[in-house]
1. If you check SER23 against the conditions, is it closer than 26 Å to GLN236 by Cα, among the small types (Gly, Ala, Ser) and modelled with pLDDT under 95?
2. For region 203-248, how many residues are away from the ligand (no atom under 16 Å from the Cβ) and either within 19 Å of ILE39 (Cβ to Cβ) or at pLDDT below 95 (or both)?
3. What is the residue count in region 134-177 for residues that are among the basic types (Lys, Arg) and over 29 Å from VAL238 (Cβ atoms)?
4. Considering each residue of region 152-180, count those that are more than 15 Å from PHE212 (Cβ to Cβ) and part of a strand (DSSP E or B), and give that number.
5. Given the conditions (1) touching a helix residue (DSSP H, G or I) at 6+ places or on another chain (Cβ under 6 Å); (2) surrounded by fewer than 22 Cβ atoms within 10 Å (Cβ to Cβ); (3) among the aliphatic types (A, V, I, L, M), report the number of the one that ALA109 does not fulfil.
6. Residues to consider are PHE212, PHE194; find the one that is open to solvent by less than 40 Å² (accessible area, probe 1.4 Å) and closer than 17 Å to ALA133 by Cα.
7. I need the full set of residues from region 86-103 which are touching a helix residue (DSSP H, G or I) at 6+ places or on another chain (Cβ under 8 Å), open to solvent by less than 30 Å² (accessible area, probe 1.4 Å) and assigned to a loop (DSSP other than H, G, I, E, B), in order please.
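The values are calculated or read from the model by the stated rules, or taken from the named source; none is laboratory data. All figures in this text were calculated on a predicted structure; none of them were measured in a lab. FYI the Cβ positions are ideal-geometry reconstructions off the backbone, even for glycines, and counts take in every protein chain you see. For the accessible areas, the whole protein counts, side chains as well, though only heavy atoms, and no ligand, DNA or RNA atoms are used. Shrake-Rupley method; radii C 1.70, N 1.55, O 1.52, S 1.80 Å.
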Amino acid sequence: VYDKKMKNSEMTLKVFIFLLGTSLFLGCLPGCFHDQRTITQISSFSTLASGGYDGRIPLEKLLSYGNFGLGTFHGLDGEMIVLDGHVYQVRSDGRVQKPSIETTTTPFASVIHFHKEYDKDLPLDATLEQIKAATESMIPNLDDFCAVKVSGQFKYLKTRSVPIQTKPFPPLEEVLKTQSIFEFRNVEGTMVGFRSPVGAGSIVPAAFHFHFISEDRSFGGHVLEFVAKTAKLEIQRVDQFNLFMPIQKSQAK
Ligand SMILES: [Zn+2]
């Protein structure tokens, strides 16, 4: 009798867990675990590179898909950093501002609900090589996407930003000839980014792509080079990639 009772209560618990799991999986609310491993990207890298700088969705909508990531703004107006649910805009004059999330739109951005799954203290003076190796030791399959956060002290950092464009939009390659370059020494801050499969190059920038924002949120940009001093690496695995290509009003017939 005792045994049977145990089995019944065990069964009830198992059914409960199964139902809980199923309801979370099927009716996934924003912010639930399943959702947290999803990268949502607006537009493709090849579309951006060929001059697709028209804003497609407001930042407010973008933030509903993630609190961590990177991108740019309507007209290619600077570099975007999304960190802890805040959007920072590093413009080509180096100024950082927090744009209105209701009225500002993005033509290209990738975000995720960041949830650290692995972390590691990087060796002293780590460069991209050490970050590559450390990420690979945690996520060995180079065809897997992952979200990567590097925070701490940086000995050297070289970033860039791009000036706002007017129509007809020139391709990214042309715009990069007029980019602004910034160099910083002995600064504190966070690099937000992703490691993407090299084979996905027309959808996403291949391999590592980082944007930086300083601890005091006063400078940053798209990372070109860096040497960390003492920094921590945090990684999140990704099991889903949503690519949104919203139809723009100008294209609709
Ligand atoms: Zn970038």
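1. Yes, satisfied.
2. Residues that pass the stated criteria total 16.
3. 3
4. The total comes to 0.
5. Of everything listed in (1) touching a helix residue (DSSP H, G or I) at 6+ places or on another chain (Cβ under 6 Å); (2) surrounded by fewer than 22 Cβ atoms within 10 Å (Cβ to Cβ); (3) among the aliphatic types (A, V, I, L, M), ALA109 misses just condition (2).
6. PHE194
7. Scanning region 86-103 gives a single hit, PRO99.
Table: residues versus (1) without any contact (Cβ under 8 Å) to a residue 24 or more places away in the chain; (2) within 19 Å of the chain's Cα centre (by Cα); (3) buried (at least 18 other Cβ atoms within 10 Å of the Cβ).
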{"residue": "LEU124", "(1), (2), (3)": "no, no, no"}
{"residue": "ASP143", "(1), (2), (3)": "no, yes, no"}
{"residue": "GLN153", "(1), (2), (3)": "no, no, no"}
{"residue": "THR159", "(1), (2), (3)": "no, yes, yes"}
{"residue": "LYS167", "(1), (2), (3)": "yes, no, no"}
{"residue": "GLU183", "(1), (2), (3)": "no, no, no"}
